[in-house]
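The values are calculated or read from the model by the stated rules, or taken from the named source; none is laboratory data. Remember, predicted model here, so these are calculated numbers, not experimental data. Methodologically, a virtual Cβ is constructed for each residue, glycine included, from the backbone with ideal geometry; neighbour enumeration extends over all protein chains shown. Protein only, heavy atoms only, side chains kept; ligands, DNA and RNA dropped before computing areas. Shrake-Rupley method; radii C 1.70, N 1.55, O 1.52, S 1.80 Å.
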Amino acid sequence: MCGIFGCILKEKNSAPVIHEALKRLEYRGYDSVGVAALHNGRLHIKKDQGKIDEVHEVHNLDDLPGNVGVGHTRWATHGAPLKVNAHPHVDCSGQIAVVHNGIIENFTELRVELENLGHIFKSKTDTEVIPHLIEESLRRNPSLDLANAVLEAVKKLEGSYAIAVVSTNEPDKIVCARKESPLVIGVEGDNVYCASDIPAFLPLTNRVVMVEDGELVIISHESLEIKKIADSTTVTREPEIFDWTAEMAVKKGYPHFMLKEIHEQPACLRNTLRLQDHYLDLMATFLDRAREVFLVACGTSYHACLAASYMFSKLAFLATYPVIASEFAEQHGKSVNIDSTILAVSQSGETADTLASVNSARERAATVLGLTNAMGSSLTRVSRVYIGQQSGPEIGVAATKTFTSQLSVLAQLALRLAKKRGKVSQDEMDFLAEKLDEIPDIVETIIETQEENAKRIAEKYKDARTFFFLGRGVSSATAYEGRLKLMEIAYVPSIAFPAGESKHGPISLVESGFPILFICPKDGTRKTLIGNIMEMKARGASIIAVIEEGDEEIKKLADDYMEMPKGIPEVLSPIPYAVPLQLLAYYIAVKRGLNPDTPRNLAKSVTVK
Ligand code: F6R
């Protein structure tokens, strides 16, 4: 997730306006920043790695001439957060500048094609193919205008994008386009703005034209023209008025970041499916060769590791040890050696216990692999291979979208490894890959159909003094995560166990009305789990079940239930099944009068540069 902005101003210089707008978009990404402005037939560009204030202090981002320009605040996906990778990116002639938010999946192929045609690339980003593609279109057909050259270029792109393009040859316009990444236009008299999000221009105008997927927009002082990319037909759309405060705009109208981030999951999961094959393959090769694999993390990321241990075992027949990072050195420190591989999972890439485990493993010559949401974080610097999970910044302290994205990456990795090891038939592989592709839509359906239900259940149980979360198999990991969410944001003391273990002690807590949440996908553990439900019901527990749609048997046993779409494979189930638990925790916290974004005594690790 990055933030893009562009403006065409009647009288003022664009750079200070771009700088302020980027600051309002910094919640979308903050590892590097850049501005390009057009003046006297030239592009003037300032960009560097670092937060906006840091870059401004060194380069004075306001000091660029011209009243048309674009800017970008980055959250790295391809290429480390370095100056050379910061946007805007330009073509060979330095006349076309592009800012981009999204992921171009076929950039490697496009780059090779363009390099064969003589184009020179400077960065490691996927974005840089775009100015070169536009340049190439203009080279081949000099009579094209910028808008049509952009149209030709975007038709070659696979993946997601919101772009804003300026060119010295048509200095009075900005051409924008979008596919799957957000883009909005703000209008105010003769001044026109384009941005990833409304907060960017909200202090300047609240008259907003929403750009839809598959549209290209040409903005100038005189006009705002929207075309469909597929067939160039013109679209007419009037501005809407948004009466949002700045805070509401940043949260996109949601009352809390946590709820916004829960709702962002379908989009994040789509991004997570756009990982580069090369890195997945490389990581799978290391895992395949290892004598032993430790999956090391803290908190929610540890729960992702726990779920992954089932995925690796069931799909690739690889035994892995999920380990809580703060215990790693004590538990396994002495046994780690050159044949060990540590896959460290950390959203922030900065969690002290995770880094300490990694460092202790490195001292013993083990191989370190990293999965993180923060490119350029300490974890990326110490990992032999790392993968960026593509979730964008998470502002709510409780991990939600970053958890489901981690699970999606780990599932992709398990599938790669399964293929490498020849452990799963091609048919099953194809089936699972297809299902993984469907997960974003499934999560969207769950949010649509279960949010009201989660609210209702939250109202019923909001005063509960304790909660149990039980599941079997891979759903034990889901249970642990559901418990952590409820505990950390709603302050409800909660307990999670693999359901089979509940009768070895925890069951003594159960009395009449004691709420127990069972995670019950229709998998191999369901029959035994029903036995556990009956045991608890017999002791007067209130049963809340997360079930597959139409599971009448469990519905009859449950006091309340949340229904998940049919046909989700067992190994992928923690991704969608975690979502109703996030919603439940969120609404219980809100109903208890708490702010779920800022639970007491907790803070998010931040990326330290
Ligand atoms: C819980 C939560 C924490 C983090 C943990 C690890 O909602 O956010 O438990 O998961 O602190 O953080 P990272 O993944 O940044 O290492």
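Mind checking whether some residue in region 53-69 is polar (S, T, N, Q), part of a strand (DSSP E or B) and either within 30 Å of the chain's Cα centre (by Cα) or more than 24 Å from residue 104 (Cα to Cα) (or both)?
For region 53-69, residues polar (S, T, N, Q), part of a strand (DSSP E or B) and either within 30 Å of the chain's Cα centre (by Cα) or more than 24 Å from residue 104 (Cα to Cα) (or both): absent.
Only one of these is part of a helix (DSSP H, G or I), in contact with a strand residue (DSSP E or B) (Cβ under 7 Å, 6 or more places away or on another chain) and either of a type in the set (S, T, N, Q) or open to solvent by less than 10 Å² (accessible area, probe 1.4 Å) (or both): 150, 208. Name it.
150
Residues that are within 13 Å of the ligand (Cβ to nearest atom) and farther than 30 Å from residue 84 by Cβ: does region 436-445 have at least one?
No, region 436-445 contains no residue that is within 13 Å of the ligand (Cβ to nearest atom) and farther than 30 Å from residue 84 by Cβ.
Restricting attention to region 327-357, which residues are open to solvent by less than 60 Å² (accessible area, probe 1.4 Å), of a type in the set (Gly, Ala, Ser) and within 16 Å of the ligand (Cβ to nearest atom)?
Of everything in region 327-357, those that are open to solvent by less than 60 Å² (accessible area, probe 1.4 Å), of a type in the set (Gly, Ala, Ser) and within 16 Å of the ligand (Cβ to nearest atom) turn out to be 344, 346, 348, 349, 356, 357.
Restricting region 359-390 to residues that are within 11 Å of the ligand (Cβ to nearest atom) and more than 18 Å from residue 284 (Cβ to Cβ), which is most open to solvent (accessible area, probe 1.4 Å)?
378
I need the full set of residues from region 1-39 which are open to solvent by 40 Å² or more (accessible area, probe 1.4 Å) and within 18 Å of residue 220 (Cβ to Cβ), in order please.
Matches in region 1-39: 10, 11, 12, 13, 39.
Is it the case, given these coordinates, that residue 320 is buried (at least 19 other Cβ atoms within 10 Å of the Cβ), closer than 19 Å to residue 475 by Cα and more than 25 Å from the chain's Cα centre (by Cα)?
When the stated conditions are applied, residue 320 passes them.
Test of understanding: among 226, 218, which residue is out of contact with any helix residue (DSSP H, G or I) (no Cβ under 6 Å at 6 or more places or on another chain) and part of a strand (DSSP E or B)?
Just one listed residue meets the conditions, 226.
Looking at region 40-52, which of its residues are open to solvent by 70 Å² or more (accessible area, probe 1.4 Å) and either outside any strand (DSSP E or B) or aliphatic (A, V, I, L, M) (or both)?
Result: 40, 51.
Are there any pairs, at least 6 apart or on different chains, whose C-beta atoms fall under 8 Å, with the first in region 473-489 and open to solvent by 10 Å² or more (accessible area, probe 1.4 Å) and the second modelled with pLDDT under 95 and within 13 Å of the ligand (Cβ to nearest atom), and if so, which?
Within 8 Å, the pairs are 488/397; 488/599; 488/602.
Please go through region 433-456 and pick out each residue that is of a type outside the set (Lys, Arg), farther than 22 Å from residue 561 by Cβ and open to solvent by less than 70 Å² (accessible area, probe 1.4 Å).
433, 436, 438, 440
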